[in-house]
Amino acid sequence: MSPTALLAGSGGGSTPSLVATELFRVSRSISLPRAQATAFSGLRARAFDAGQPGSWLRDHAARKLARRLEVDHGTIDPERVGTVLQRAAQVDRWVRGFLSRSPGGTVIDLGTGLDTRFERIDNGVARWIDVDLPEIIDLRRRCLRSSSRREHVAASVVDPTWLARVTRPTEPCCVILQAVLGYLPLAEVRGMLARIASRLPDAMLVLDPPRYWRGSRGQLVDSRATSRVVDDDVAETIAAWNIGWTVAEVATLEGTAARAPSQLARFTT
């Protein structure tokens, strides 16, 4: 089946969000709105890496998925690829740590895109819940192997209904927010994180905030669009909200000539 057929045949009909919005070509035969199209950027980087002799992630599932979707690598930006791989590798390390401590726990990947973390690091017993917008979930259901332990949920990450799918909320959970926060309204982030902490009392949260997010006077702000002093740390700002999250670890990734250093954070309830 062609990529066009995969998308066109999903959901029992046309997808409303594909109408009256600018589309971006992401493969030879698929175009998506901007937010959904970004899922192909990470896939492209991981698939390219998987084809190199010294592959970092060895994400062969990403390479296979990229071929099925007819993704053209195009012009590769080594700095961009390196950044994607660094962030993915750090998140993988934290999730592996969670799985070693709680082998039968639940991993919830919010805004999962076309990530293949389940294929990379699944331990054979954990439960996985992948949440993203309908167009992406349709592609995942059709192109990735099924498992009785993996559920795909078509929803916005700020829509609280996905939390109801966590049927064992008191058991250990690992919640991942990687490469998605930059597409969310800043005003909705606090409420979303508070709902997660309230629903999942034994959870670890892995947060990958945009480089340009900063803390200021107890709020998260976009440093590109404010004249306010924005020197506060994102992780400490979130912890100071007292909504249930405590900073457990912060990882700083080196910057480049074109990109400033960035931080990822791990929280616990």
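Taken together, the values in this text are just the output of simple stated rules run on the coordinates, not laboratory data. Just so we're clear, the structure is a prediction, and the values are computed from it rather than from any experiment. All Cβ positions, glycine included, derive from the backbone under ideal geometry; neighbour counts span all protein chains shown.
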Checklist line | Cα convex hull of the stretch 112-269, projected area averaged across orientations, nm² | finding: 10.3 nm²
Check: Once amide H atoms are built 1.01 Å from N in the peptide plane, which residues 5 or more positions from Trp56, or in another chain, come under 5 Å H to H?
Finding: none
Note to self: So if I restrict to the alpha-carbon atoms in the chain, what is the Rg, and what is Dmax, the biggest pairwise distance, in Å?
What the structure shows: 18.2, 53
Checklist line | FRET efficiency, Ala89 to Ser29 (Cβ-Cβ, R0 30 Å, nearest 0.05) | finding: 0.45
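Based on the Cβ-Cβ distance of Ala240 and Ser147, what FRET efficiency does E = 1/(1 + (r/R0)^6) give at R0 = 35 Å, to the nearest 0.05? Could you put the intermediate results ahead of the total?
Values: r = 39 Å, r/R0 = 1.11.
After rounding to 0.05, the efficiency reads 0.35.
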Next item on the list: Give the relative contact order (percent, whole number) for the stretch 102-163; include only Cα pairs under 8 Å separated by 6+ residues.
Entry: 35 percent
Check: For the stretch 198-207, what does the Karplus curve 6.51 cos²θ - 1.76 cosθ + 1.60, with θ = phi - 60°, yield as ³J(HN,Hα) per residue in whole Hz, taken in order and with x for Gly and Pro?
Finding: 5, 7, 10, x, 10, 10, 10, 10, 10, 10
Next item on the list: Would you mind checking which residues have amide H under 5 Å from Ile129's amide H? H placed 1.01 Å from N; only 5 or more apart, or other chain.
Entry: Val107, Ile108, Asp109, Glu151
Checklist line | At R0 = 51 Å, FRET efficiency that the Cβ-Cβ distance of Ser216 and Gln52 yields, to 0.05 | finding: 0.80
Next item on the list: Kindly write out, for the stretch 110-121 in residue order, the coupling ³J(HN,Hα) from the Karplus curve 6.51 cos²θ - 1.76 cosθ + 1.60 (θ = phi - 60°), rounded to whole Hz, with x marking Gly and Pro.
Entry: 8, x, 5, x, 10, 5, 10, 5, 4, 5, 7, 10
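Per residue of the chain, what 222 nm ellipticity follows from adding -39500 (n - 2.57) for every DSSP H run with n ≥ 4, rounded to the nearest 500?
On the way: 9 runs with 91 residues, N = 269.
The helix contribution divided over the chain gives -10000 deg cm²/dmol.
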Margin query: For a distance above 19 Å, tell me the whole-number percent of Cα pairs in the stretch 138-187 that qualify.
Written below: 43 percent
Check: What is the fewest-to-most order of Val189, Val91 by other Cβ atoms lying within 10 Å of their Cβ?
Finding: Val189, Val91
Notebook entry, point to check: Between Thr75 and Glu171, what length comes free when the chain is fully extended (0.36 nm per residue of separation minus the Cα-Cα distance, one decimal in nm)?
Noted result: 30.1 nm
Item checked: Spin-label zone in the stretch 104-135 - amide nitrogen under 18 Å from a point set 7 Å from the Cα of Ala248 along the C-beta vector -> 104-110, 121-123, 126-129
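Given Cα pairs under 8 Å that are at least 6 residues apart, what percent is the relative contact order of the stretch 79-268? Could the numbers behind the result be given before it?
Details: 302 pairs, mean separation 34.0, N = 190.
The value is 18 percent.
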